[in-house]
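Read through the structure below, which is laid out as C-alpha cells, and then see the notes.
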Amino acid sequence: MTVPSFFRQPDDMLPERPPPVAMSGVVGWLRSNLFSGWASTILTLASLYALWLIIPGLLDWAYFDADFAGTDRFACTGTGACWAWFDQRIDQFLYGFYPPEQTWRVNLALLLLAPALAPILFDKMPGAKRLRWFSLAYPFVATILLIGGFGLEQVPTAKFGGFMLNVTVGLAGIVLSLPIGIVLALGRRSKMPIVRMLSVAFIEVFRGVPLITLLFVAAILLPIFLPTSFSLDLVVRVIIVVTAFASAYMAEVIRGGLQAIPRGQYEAAQALGLGYWKMMGLIVLPQALKISIPGIVNTFIGLFKDTTLVIVIGLFDVLNIGRTMISNPDWLGLAVEMQVFISLFFFVVCFSMSRYSVYLEQRLDTTKR
C-alpha cells in the first residue's frame, strides 16, 4: 500500500500577518528602548521629569526673555541672555583677525572641505574615485587659499584666530596623525631593533609629556635651537607638535587593534605568498583599523578639544577671543553666554564625529547577516 505524498500548495499557505502593534513602529521602539523593564521605566520617567523642570527655564533664558540687539551690554534690559554681542563680534569669533575683505577665502576653503571629505567618508557616493584626487589636493588648495600665493594676497598666520584657528590646527592634526600613527604602530611591532627602538622612543616621549609643555617647547625653545637663518611659523610649529602628540596616542590605539588580529590571519596571508606590505595593507591593517575605530575617533575628538590649549602660548583661538571680549567694559558679565556659544560649537563638531564612527562601525560590521 503506497502512502500518498502531501504537498502544500501555494493557495494553502496562510497569508503573512503584520507584527503585533506593540512590537513595531513607534510603540515598539518605545517599549524596547525606554520601557523595556521596571528599571528602564523609572529612569525614563525620572529623565522626563528632569527635562520638564530644566527645558522651560532654559528656553526662557536663551530665547523668550533674551535680548538680541544692541551695541553693548547696557542695551540688554531683559531677564534672559544677552546675545547682542553676537551681531557685533561674530566675525571675530569666526575669522579672528583675518582681513575682512579676504574672509571669502576662508569660506571657500571651508566650502571645498565638503567635497574633499565626502569621498573619504562615504565610498558609495557618485564620482567618489575622481573626487579622491581632489581630496589629495585639498590640503595644498586650502593652504594657498588661507595663506596666499599664486596671485592671492599674503596673509600671515598671526592673523589666524577664532574658530578658523581651531579648525585649522585640529583638522591638520587629525589628517596627519592617522598615517603617522599607523607607521609608528607598525614600527613598534617591527622585528628590526633600530626601527622598534626609534618608534618606542617617539611614542613614549610624546605620550609622557603634557601637551601644554610641548606647546611651550614649540613656542619658546624650538626657535632657540633652530639655525638663525631658518624661521618656522608659530602656527606651523603648533601643528607639528599637536600632530606628534596625537600620533603617539594613535599608534597605541592601532597597536591594540593589531594585537587583536589572530595569528592565523598572518599565517594565511603568508601561505598565499603575500609580502609584508601586501599582508599588512590587504589583510591585517583593514581588520585592525576596523577594530580600532572607537579608539581612533576618541583620539580625534580629544585632539580637537585640545586645540583650545593654544591659548597658553598667546594664540587667539575661539576661547581667547571670547575671553578678550568679556574683558571689554562694553561686554562685561557675559561669560555664560560666551561659554554656551563656544560649547555648542565644540559639541556639534565632536558629536558629528562620534555619530560618524557609529555609522562606520555598522557599515563595516561583517558579522551581520
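The table below lists the values:
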read-out	value
Cα shape, region 103-256, gyration tensor, a/c 1.5 rule	oblate
Kirkwood Rh and Cα Rg combined as Rg/Rh, region 236-336	1.28
Heavy-atom accessible surface of the chain: percent carbon and sulfur, 1.4 Å	68 percent
Compactness of region 56-114 - radius of gyration and Dmax, Cα, Å	15.6, 42
The chain: most fluctuating residue of Gly161, Gly275, Gly70 per GNM, C-alpha cutoff 10 Å	Gly275
Gyration tensor (alpha-carbon) shape descriptor, region 76-192, a/c threshold 1.5	prolate
Between region 273-303 and region 136-151, the alpha-carbon center distance in angstrom	30 Å
Tensor-based shape of region 117-169 (alpha-carbon gyration tensor, a/c under 1.5 rounded, otherwise prolate or oblate)	oblate
Given charges at Cβ of Lys, Arg, Asp, Glu: the chain dipole, positive-most of Phe206, Ser327, Ser229	Phe206
Region 113-256: relative contact order in percent, alpha carbon pairs under 8 Å with at least 6 residues between	27 percent
Net charge, Lys159 excluded, C-beta distance under 15 Å - Lys, Arg +1, Asp, Glu -1	-4
Highest-MSF residue in the chain out of Ala271, Ala114, Ala244 [GNM, Cα springs under 10 Å]	Ala271
Karplus (6.51, -1.76, 1.60) ³J(HN,Hα), θ = phi - 60°, over region 133-139, in Hz, Gly and Pro reported as x	5, 5, 4, 5, 7, 4, x
At R0 = 35 Å, FRET efficiency that the Cβ-Cβ distance of Phe64 and Arg363 yields, to 0.05	0.25
Isolated Cys residues of the chain, judged by Cβ distance under 4.7 Å to other cysteines	Cys350
Whole-number D in µm²/s for region 1-143 (Stokes-Einstein; Kirkwood sum over Cα pairs; 10 °C, 1.306 mPa s)	69 µm²/s
Region 251-344 - accessible surface per residue (Å², probe 1.4 Å)	47 Å²
Residue-wise HN-Hα coupling along region 79-88, computed from phi with Karplus coefficients 6.51, -1.76, 1.60 (Hz; x: Gly, Pro)	8, x, 6, 10, 9, 4, 5, 4, 6, 7
For the chain, convex hull of alpha carbons as volume per residue, Å³	292 Å³
Net lengthening on full extension, Val312/Val183 (0.36 nm per residue, minus Cα-Cα)	43.4 nm
Residue-wise HN-Hα coupling along region 232-245, computed from phi with Karplus coefficients 6.51, -1.76, 1.60 (Hz; x: Gly, Pro)	10, 4, 4, 5, 5, 4, 5, 4, 4, 5, 5, 5, 5, 4
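The values are calculated or read from the model by the stated rules, or taken from the named source; none is laboratory data. Please read all numbers here as calculations on a predicted model, not as lab measurements. Here the Cβ is made from the backbone with ideal geometry for all residues, glycine too, and neighbour counts use every protein chain on show. With ligands, DNA and RNA removed, areas are computed over all heavy atoms of the protein, side chains included. Shrake-Rupley method; radii C 1.70, N 1.55, O 1.52, S 1.80 Å.
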